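**Student:** Please read through the structure below; I'll follow up with questions.
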Amino acid sequence: MNAPAKGKSCPFSAQARSFDPFGPAYQQDPSEALRFSRDSEPVFYSEAMGYWVVSRYDDIKAVFRDNITFSPANALEKITPATPEAMDVLKREGYGMNRTLVNEDEPVHMARRRALLDAFAPEALAEHAPMVRRLVREKMDAIIDRGQSDLVEDMLWDVPFTVAMQFLGVPVDDIDRLRSFSVAHTVNTWGRPTPEQQVAVAEGVAKFWNYCGEVLARMSAQVDAGEDVQGWMYDMIRQNRVMPDIVTDNYLHSMMMAIIVAAHETTALASANALRQLLTHRHQWQAICDDPALIPAAVEECLRHSGSMVAWRRITTKDAEVGGVTIPKGGRILMVMASGNHDPRHFENPDQLDIWRDNSADHLTFGYGAHQCMGKNIGRMEMAIIIEEISRRIPHIELADQDFTYLPNISLRGPEALHVRWDVTQNPERRDPTLRDQRRDFPVGAPDRKAIVRQLTVADATPLADGVLGITLQDPSGAPLPSFSAGAHIDIVLPEGGSRNYSLCGPVDSGDWRIAVLRDEAGRGGSKWMHDHAKPGAALRVRGPHNHFRLDEDAAHHILIAGGIGITPILAMADRLRALGRDFDFHYAGATRAGMAYLDRATDDHAASLHVSGEGTRADLAALVDAAPSGSFIAACGPSRLLEALDELVAKRPDLTLRFEHFSTDESAGDLASGQPFSVECADSDLVLDVPEDRSLLQVLRAAGLDVPSDCEEGLCGSCEIGVERGEVEHRDRVLTGSEREAGDRIITCCSRGRGKLKLKI
Ligand code: HEM
Ligand code: FES
């Protein structure tokens, strides 16, 4: 039983029940096809395909995280069952594909993964970079004077294929044959071949299987003869000799077949998607050509925006809840990562390509958790080198007019051809032949978030109130800045290296960004620097936008409370609620009217109630909370004492939700990194780590190679939060509310610590 229980009325909409990933909408744009689901039906049962579909970021991540409840056993299952004729072909040819790594359950999977991990260490991967560079150059040399190319045909297929074979150590006799085999494998696993096509596909797959067997036999003989042969497949053969129960014979054969596809089609299609996107967004392509340091961030953003692995599968081993929906034991799940990667709850302005987005690396294109793609850093390396070579040698390249076509299937996605053209007389190396041999190297791994910075210009700087400067920022190229959601902020990077967060006041889609900065004479100097330097025409380095202070737009009622300069995010929220036509209460408190920025907008646009302590009209928070209708969502930004008082009051009203943000402060955050030593057990990645007295948990997790987002690193924003399964937390942040602390199920890793041992959900 893996469908919803019979007899009850089906809770899913007709659109959901008839959802078909082979239909034109999904095949054309999977993320768009699931917008309805992200918006209102995040987990649903598709009768058309017999799968539970999961479309929101957090829900997909939760499924990936728990590979015991959500087994990967069906990850490579044929989504379209074989016809009897196709089965006959497979049987006749002795086809015996079984579990590999990606669809193996614990504890076998982790034992294998650990035994095979060394080849993926950053130092080991870095050694492959010159080989990748050489292959891309050869392809570039072949096309540079042609002025037009189908990049898929001329480069993007062959390079990842050859890299994969070299990495694996697999000798390549016949690229074209292998290419046709791997297309058959993709259609066989994720496609919907017609009954007639099924036989041809089965023949291709069976030939692929037997070919892999022959190559494997030759490679095994070399290992047994003691030859000094290198490559990941040889590592596996050696492990097979040492631990035959874990790295079994059938595993070797199955892996050989699966890895050829895993290692090359994924990267070929991801590169084609990335170049298509970057050449479509000309301003961003130009930025890369001008500053190749942006390439790793661009690669990551393309993997998020238009990844090559758009959906992946799991099967439940017991009844399990996902996004509030119970999926029965044996339920087949389709996680649509392309949809999760466009979830506005996690990514600001998610449908827009933005190479300056600094949380792109949170994307789900490589999966997540115990099975997360082992080859992700090879894929990233290849994509970065391909983009670097093309942008340096033919920066004037353009997309030709074309209709893009895709191999019909549910998982692997990228155009079958990518036609481009350029004027060869403009090739820069005709003027400067040394250009051909230049290069830029990138560190192995995900881009460093802190290094992803936009250079913006101050378009306007106007006093808004006593000590408050209103600043408007624009892109110097004139390109509109991305829109953002109410409550978002940006980080201004200060010259000495630190940064300060400032909420964006809106309007949210004006193409420029507006902030308001209160000068704090007693602070650490950030606000003074802003007041002194942010003159019209000045350049500022900016990260973001990020949003850790989101409105629950569906709440029954909203109460907005701003204290002093805390008005900035609250104003954007009021604009948003008004645009949605929602009723809300708006309270704005300050010491004097002269010191309250945006007073006119608050009162004229939103009829805010003013509470001015200097005039004896201080806000009565107790009365305000008391009168709040049940189900209200309270959003508050202001000084600590206001927020602490609200937190205490709301703790007595469990029917209300409070979300707050401390406004940007110049106060010193103190030494947040140090405290008592403690240790952590990381449940998903199977690591045990010690956090010494002089380091933060965030620093220790990162040093162990775990990708944890962060923003303020002062316990203010909540972006570094991780779930806690067990253990006691010493909370030092200013993000979590009293009831969240009491629940004890999360930790803000940049500043909070454990008492003794913690078990973390990472
Ligand atoms: C697993 C995507 C490149 C080797 C996976 C998974 C995805 C994926 C979605 C399943 C993750 C999960 O279940 O959580 C991609 C994409 C790539 C890429 C989008 C390129 C852009 C590569 C390369 C290699 C590779 C180049 C090898 C050289 C693997 C392996 C696994 C895997 C061995 C199984 C890991 C395990 O189950 O423990 N990949 N992949 N991948 N990938 Fe990749
Ligand atoms: Fe902002 Fe930790 S990074 S709270």
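**Student:** Compute the distance in nm between two label points, each set 7 Å from the Cα along the Cα-to-Cβ direction, one at Asp432 and one at Glu496.
**Tutor:** Placing both labels 7 Å along Cα→Cβ, they lie 3.7 nm apart.
**Student:** Could you tell me the extents of the chain's C-alpha atoms along the three principal axes, largest first, rounded to whole Å?
**Tutor:** Dimensions of the chain along the principal axes of its Cα atoms: 90, 73, 53 Å.
**Student:** On a C-alpha basis, how far is the centre of segment 592-666 from the centre of segment 44-108 in Å? Whole number, if you could?
**Tutor:** Here the answer is 51 Å between Cα centres.
**Student:** Moving on to the next point. Could you give the nm distance between label points at Tyr406 and Lys757, where each point is 7 Å from its Cα heading toward the beta carbon?
**Tutor:** Placing both labels 7 Å beyond Cα along the Cβ direction yields 4.6 nm.
**Student:** Oh, and also: For Ala121 and Ile68, what is the calculated FRET efficiency with R₀ set at 25 Å and r taken between the beta-carbons, to the nearest 0.05?
**Tutor:** On the way: r = 27 Å, r/R0 = 1.08.
The pair Ala121/Ile68 has a calculated efficiency of 0.40.
**Student:** Also: Just the accessible area per residue of segment 557-661, please: how many Å² with a 1.4 Å probe?
**Tutor:** 43
**Student:** Residue by residue through segment 33-38, what is 3J(HN,Hα) from phi via Karplus (6.51 cos²θ - 1.76 cosθ + 1.60, θ = phi - 60°)? Round to whole Hz and write x for glycine and proline.
**Tutor:** After applying 6.51 cos²θ - 1.76 cosθ + 1.60, I find 4, 9, 4, 4, 6, 3 Hz.
**Student:** Order the peptides 330-340, 688-698 from the highest to the lowest mean number of other Cβ atoms within 10 Å of their residues.
**Tutor:** Top of the packing list down: 330-340, 688-698.
**Student:** Enter the accessible area per residue of segment 453-546 (Å², integer; probe 1.4 Å; all protein chains in place).
**Tutor:** 38
**Student:** As a test, work out the antiparallel percent of DSSP beta bridges whose residues both lie in segment 669-760, rounded to the nearest 5.
**Tutor:** So the antiparallel bridges amount to about 75 percent of the total.
**Student:** OK, next. Taking the Cα centre of segment 177-229 as origin, work out the dipole magnitude from +1 charges on Lys and Arg Cβ and -1 charges on Asp and Glu Cβ, in debye rounded to 20. The partial results should precede the final answer.
**Tutor:** On the way: 5 positive and 6 negative charges, 65 e Å.
Roughly 320 debye, rounded to the nearest 20.
**Student:** Under 12 Å from the 7 Å Cα→Cβ point of Ala5, by amide nitrogen: which residues of segment 283-327?
**Tutor:** The answer is 326-327, whose backbone nitrogens lie closer than 12 Å to the label point.
**Student:** Once whole DSSP H runs in the chain are found, which of them have Cα atoms spread over 24 Å or more along the helix axis and a mean Kyte-Doolittle score of at least 0.5?
**Tutor:** 249-280
**Student:** Which percent, to the nearest 5, of DSSP beta bridges fully inside the chain are antiparallel? Let's see the in-between values first.
**Tutor:** Values: 58 of 87 bridges.
Beta bridges within the chain, antiparallel portion: roughly 65 percent.
**Student:** Now, a different point. Would you mind telling me the share, in percent, of accessible area of the chain contributed by carbon and sulfur at probe 1.4 angstrom?
**Tutor:** Answer for the chain is 49 percent, counting heavy atoms of protein chains only.
**Student:** What figure, in Å² to the nearest 10, do you get for the accessible area of Glu265 with a 1.4 Å probe and non-protein molecules left out?
**Tutor:** 10
**Student:** Taking Rh as the Kirkwood radius computed over C-alpha pairs, what is the Stokes-Einstein D of segment 557-661 at 10 °C in a medium of viscosity 1.306 mPa s, expressed in µm² per second?
**Tutor:** In µm²/s, the coefficient is 116.
**Student:** For segment 595-719, what is the percent of antiparallel DSSP beta bridges, rounded to the nearest 5?
**Tutor:** Among the beta bridges of segment 595-719, antiparallel pairing accounts for roughly 45 percent.
**Student:** Amide H neighbours of Leu540 under 5 Å, counting only residues 5+ apart in sequence or on other chains, H built in-plane at 1.01 Å?
**Tutor:** Leu456, Thr457, Val458
**Student:** Quickly work out the Asp174-to-Arg238 label distance, labels modelled 7 Å from Cα along the C-beta direction, and quote it in nm with one decimal.
**Tutor:** 3.1
**Student:** Summing -39500 (n - 2.57) over the DSSP H runs of n ≥ 4 in the chain and dividing by its residue number, what mean residue ellipticity at 222 nm do you reach, to the nearest 500 deg cm²/dmol?
**Tutor:** For the chain, the value works out to -10500 deg cm²/dmol.
**Student:** Something else: If you filter segment 100-193 for trypsin sites (Lys or Arg not before Pro), then keep DSSP loop positions with at most 14 other Cβ within 10 Å, what is left? Provide the component values of the computation, followed by the final result.
**Tutor:** On the way: sites: Arg112, Arg113, Arg114, Arg133, Arg134, Arg137, Lys139, Arg146, Arg177, Arg179; in loops: Arg146.
For trypsin sites (Lys or Arg not before Pro) across segment 100-193 that sit outside H, G, I, E and B with at most 14 neighbouring Cβ atoms in 10 Å, the list reads Arg146.
**Student:** Same structure, new question: Relative to the Cα centre, what is the charge dipole magnitude of the chain, using +1 at the beta carbon of each Lys and Arg, -1 at the beta carbon of each Asp and Glu, and rounding to the nearest 20 debye?
**Tutor:** 640
**Student:** Which chymotrypsin sites (Phe, Trp or Tyr not before Pro) in segment 123-180 sit in a loop by DSSP (not H, G, I, E or B) and have at most 11 other Cβ atoms within 10 Å of their own Cβ? Working shown, then result.
**Tutor:** Values: sites: Trp157, Phe161, Phe167; in loops: Trp157.
Loop-located and lightly packed - none at all.
**Student:** Work out how much length Glu77 to His419 would gain on full extension: take 0.36 nm times their residue separation and subtract the Cα-Cα distance, in nm to one decimal.
**Tutor:** Extra length from Glu77 to His419 when fully extended: 119.8 nm.
**Student:** Quote the relative contact order of segment 4-62 in percent (integer), defining contacts as alpha-carbon pairs under 8 Å separated by 6+ residues.
**Tutor:** Computed value for segment 4-62: 30 percent relative contact order.
**Student:** Could you work out the relative contact order of segment 669-760, using alpha carbon pairs under 8 angstrom and six or more residues apart, expressed as a whole percent?
**Tutor:** Details: 188 pairs, mean separation 32.4, N = 92.
That works out to 35 percent.
**Student:** Taking the highest mean first, how do the peptides 53-60, 452-459 order by number of other beta carbon atoms within 10 angstrom per residue?
**Tutor:** 53-60, 452-459
**Student:** Give the accessible surface of segment 180-230 per residue, rounded to a whole number of Å², with probe radius 1.4 Å and ligands, DNA and RNA excluded. List each step's numbers first, then the result.
**Tutor:** Values: 2200 Å² over 51 residues.
Value returned for segment 180-230: 43 Å² of accessible area per residue.
**Student:** For segment 437-483 and segment 518-584, compute the distance between their C-alpha centroids and round to whole Å.
**Tutor:** The two parts, judged by their Cα centres, are 17 Å apart.
The values are calculated or read from the model by the stated rules, or taken from the named source; none is laboratory data. Remember, it's a predicted structure, so these values are computed and weren't measured experimentally. Every residue, glycine among them, receives a Cβ derived from its backbone with ideal geometry; neighbour counts consider all protein chains shown. The protein model used for the area step is the full one, side chains on, heavy atoms only, and it has no ligands, DNA or RNA in it. Shrake-Rupley method; radii C 1.70, N 1.55, O 1.52, S 1.80 Å.
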